[in-house]
1. Read through the list (1) under 20 Å from residue 326 (Cβ atoms); (2) polar (S, T, N, Q); (3) in contact with a helix residue (DSSP H, G or I) (Cβ under 7 Å, 6 or more places away or on another chain), then give the number of the only condition that residue 111 fails.
2. If I filter segment 261-318 down to residues being assigned to a strand (DSSP E or B) and not hydrophobic (A, V, I, L, M, F, W, C), which single residue comes out as farthest from residue 224 (Cα to Cα)?
3. Among the residues of segment 123-140, is there at least one that is crowded, with 16+ Cβ neighbours inside 10 Å, at pLDDT 95 or above, closer than 15 Å to residue 84 by Cβ and of a type in the set (Val, Ile, Thr)?
4. Please work out which residue is surrounded by the fewest Cβ atoms within 10 Å (Cβ to Cβ), limiting yourself to segment 88-117 and to residues that are among the aromatic types (Phe, Trp, Tyr) and under 27 Å from residue 353 (Cβ atoms).
5. Return the total of residues in segment 272-290 being buried (at least 23 other Cβ atoms within 10 Å of the Cβ) and not aromatic (Phe, Trp, Tyr).
6. Please give the helices (runs of 4 or more DSSP H) falling wholly within segment 1-119 in which 1 or more residues are at pLDDT 90 or above and of a type outside the set (A, V, I, L, M).
7. Here is a list: 309, 316. Which entry is free of Cβ contacts under 8 Å to residues at least 12 places away in the same chain and out of contact with any Asp or Glu (no Cβ under 9 Å at 6 or more places or on another chain)?
8. Quick one: in segment 299-356, which of the residues that are touching a helix residue (DSSP H, G or I) at 6+ places or on another chain (Cβ under 6 Å) and of a type in the set (Ser, Thr, Tyr) is modelled with the highest pLDDT?
Amino acid sequence: MLKRIIFIILIFSFVINLNSQNDYNKLKFGAYYFDGWDGAPKHLTLELINNKNREPIWGWQTSTYEIVKKQVGLAYNSGLKFFTFCWYHKESENSKIGGNKLNNALKYYIQSQDYSGFEFNIMVVNHGTYSLNKKDWPGLVDYWTELFRQKNYLKVEGRPLIVFYDFNKLIESFGSRRKLNKALKYFRKTVNKKGFSGVSIAISSSILIEIHDELKKTDFDIFTTYNDHSVLLKKQNYRNAIEDEKRSLNFNTNEQLNIWSSNSTLTKLPIIPTITLNWDDSPWKKGKIVPNFGKYSEETIFRSIKLSKEWLKTNKIKLTKERLVLIYSWNEYGEGAWLTPSKDGFNPLSGLKKGI
């Protein structure tokens, strides 16, 4: 009888350990969403318009309620679990917070939310003309905190996740690292007062090695990147390619994985790794020859996802508890990284679904 009980306990323990291992190996994939496609000419150069390989099946105007709803359905059915919407501050002093038209897709998503298992969060794009003003900080914090109340807002360990795009610009906006920490403290205090158990604040930087010393002294919870193209292109000898008038390079996913490994040694923060699917912004360069990753196909997408999954299962870098992984990108057509089906029949989602 005793032997039987011991045997049952051992089997039970094995099953629990196996399930725990399976849970650990499960990754939660999301994609960055850029809402620059409302039909206005700002992002639509002639070179991009003529590139049918990049044109979405719905045409170039995708920022409508119906099309956003369709995109969420495609993402959900292809294995993605969330969108990280690029969020932009007001366009002028008199504009309403959140009223920037580049936030319209987020508004349409919130209005629909047909897919209960599909979540969202925001990445605050705080560079260039969209840099934050410290006098607007209390209003911004109030706005974001109300956004956190959405039932499908993505959380890390029970706390809403918000990402900031540019570390150096944040310090510049507040005037010093000390003042930035004070602003982050105010953010957390406000969120707690409004009934949340805290907020997970992530910072993005394309080159961690340049900021890691300062980052150690600031009060962020998580590190991530929007994409790693600048580092990846520096790692490859593209000068000869330019001189030879070759527009493309062979993108090596292993270099992406090396960046993740390097980042994990530079920070003690949990990391949300980003899979940079592609980079080719030539349609925005008015015919100039620019370095890029080369051929972009369903196979390269599949390979990037597959190798990344395998690497993350065997290399125990510190991820978030939910094991979040971001993909660049859902719809950066001008920069050459997209997952939406194209008018010419190209369907990146088949590579994504196969990889996930």
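1. Among (1) under 20 Å from residue 326 (Cβ atoms); (2) polar (S, T, N, Q); (3) in contact with a helix residue (DSSP H, G or I) (Cβ under 7 Å, 6 or more places away or on another chain), residue 111 violates only (1).
2. Here the residue is 276.
3. yes
4. The qualifying residue surrounded by the fewest Cβ atoms within 10 Å (Cβ to Cβ) is 115.
5. Qualifying residue count for the region: 8.
6. Because the criterion is at least 1 residues that are at pLDDT 90 or above and of a type outside the set (A, V, I, L, M), the helices (runs of 4 or more DSSP H) in segment 1-119 that meet it are 46-49, 65-77, 104-112.
7. The conditions single out 316.
8. If we take residues in segment 299-356 being touching a helix residue (DSSP H, G or I) at 6+ places or on another chain (Cβ under 6 Å) and of a type in the set (Ser, Thr, Tyr), then 350 is modelled with the highest pLDDT.
The values are calculated or read from the model by the stated rules, or taken from the named source; none is laboratory data. No experiment lies behind these values; they were computed from the predicted model shown. Glycine gets a Cβ as well: all are built from the backbone with ideal geometry, and neighbour counts include every protein chain shown.
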